[in-house]
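The values are calculated or read from the model by the stated rules, or taken from the named source; none is laboratory data. Since the structure is predicted, the reported quantities are computational estimates derived from the model, not experimental observations. FYI the Cβ positions are ideal-geometry reconstructions off the backbone, even for glycines, and counts take in every protein chain you see. When the accessible area is computed, the model is the full protein with side chains, heavy atoms only, and any ligands, DNA or RNA have been set aside. Shrake-Rupley method; radii C 1.70, N 1.55, O 1.52, S 1.80 Å.
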Amino acid sequence: MSVSNAPWESFEFLENRAVCLSELSAEKIYYSMRLIRNFEDKSAQMYSRGKIVGFCHLYSGQESIAVGTCLASEELDTMITSYRSRGHLLAKKVDPGALMAELFGKIDGCSKGKGGAMHMFCKEKNFYGGNGIVGAQTSIGTGLALSHKYNNDGGVSLIFLGDGAANQGQFFESLNMAALWKLPAIYVIENNRYAMGTSVSRACAGELYKRGEPFGIQGLRIDATDVVNVYDVTKQALSYVRKHSQPLVIEMMTYRFRGHSMSDPGTYRTAEELELAKKTMDPIEIFKNTAKKNKLLNDADFDLIDAKVQKEIDDATEFAENSEFPNNTELYTDITASNWFNHS
Ligand SMILES: Cc1ncc(C[n+]2csc(CCOP(=O)(O)OP(=O)(O)O)c2C)c(N)n1
Ligand SMILES: [Mg+2]
């Protein structure tokens, strides 16, 4: 996968790779990506047992994006994404028990069991969902960028959207406003090649990273299967946006290993394509190789982390099982903003 021309000032793509690796804790990165992958595998299992109902969109294959961007960002930066949100929440260190309980529809869930898989929130971690309407997060995220600017708090709004969402009208309206008002926003397009069963080549005219060009917003396309690339680029992008209060678009090339949601026959892609992607584009395997090559982690380290992750996920599942369903009075809470603020 190629990288487009370096667009914004002082961009040094991968030239500081060694610096990046030394800045990062390999253990933390591997742990975080492994946690997301195994959490999603467990969710699939719980779904098939009827513990989770409704829609459930897994993040498997895209872990490097959530982990790399979270590591590069500051706590005050806000994040918002689509319904495919567990990766970002886990990378932001939201308690896996609260996430599993939310998937189970239980009161101890991060949205008190009322959001489910598509509407997970964690305001304490500056995570604003969890949005089921394709592209809606681009407008809300632009509003978050406006609030950063209005409050002059130095934060940046990181807005994650899919390749399909990049065709939605409200994305263009958001880009227009962000450029006009010089908002601190980064639009991260997670190009996983498909919008449900429709491939990018069938649905998208033009290059996605150039979506902001008519508005004077610079864009960049990167290989996001390498978490170090994601970290490096996001770090530089954040520092540019913080300094200049100018929005950016970054298209991150990735691949979705599982179906669009839990009910996906997968007839739109061949078994060979999926196999090849799993062999060549798995961000966890790619990082394992990097960590081994640089003598940062060995097989025994990976085994230890895997065991720790498995225990955490088992505990989270038990916690979700033991939590109660919300009672009927919860139907009347968290509906209006004042109600929400009273609650939090
Ligand atoms: C406005 C709107 N239109 C259609 C849908 C149905 N829908 C749900 S997900 C999806 C595909 C989105 O694909 P993409 O943006 O690439 O995200 P991905 O699922 O690949 O993460 C569609 C069309 C919806 N939820 N909202
Ligand atoms: Mg997609």
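Testing the spin-label approximation: label points 7 Å from Cα along Cα→Cβ at Leu331 and Arg242. State their distance in nm.
4.7
Counting only heavy atoms of the protein chains, get the accessible area per residue of segment 200-344 (1.4 Å probe) and round it to a whole Å² value.
55
For the chain, what % of the accessible area comes from carbon and sulfur atoms, probe 1.4 Å?
In the chain, the share of accessible area belonging to carbon and sulfur is 52 percent.
What ratio of Cα Rg to 2.2 N^0.38 Å holds for segment 17-322?
0.95
Count the net charge of all other residues whose Cβ sits under 13 Å from the Cβ of Met253, scoring Lys and Arg as +1 and Asp and Glu as -1.
Spelling it out: positives minus negatives among the neighbours equals -3.
Given a 1.4 angstrom probe, what's the average accessible area per residue across segment 43-187, in square angstrom?
34
Evaluate the charge dipole of the chain about its Cα centre and quote only its size in Debye, nearest 20, assuming +1 on the Cβ of each Lys and Arg and -1 on the Cβ of each Asp and Glu.
420
With point charges of +1 on the Cβ of Lys and Arg and -1 on the Cβ of Asp and Glu, referenced to the Cα centre of the chain, which listed residue (Ala195, Met79, Phe55) lies farthest in the positive direction of the dipole?
Result: Ala195.
Can you give the charge dipole size of segment 192-303 about its Cα centre, rounded to the nearest 20 debye, using +1 on the beta carbon of Lys and Arg and -1 on the beta carbon of Asp and Glu?
360
Nearest 500 deg cm²/dmol is fine: what mean residue ellipticity at 222 nm does the chain get from its DSSP H runs of n ≥ 4 alone, each adding -39,500 (n - 2.57), divided by its residue count?
-14000 deg cm²/dmol
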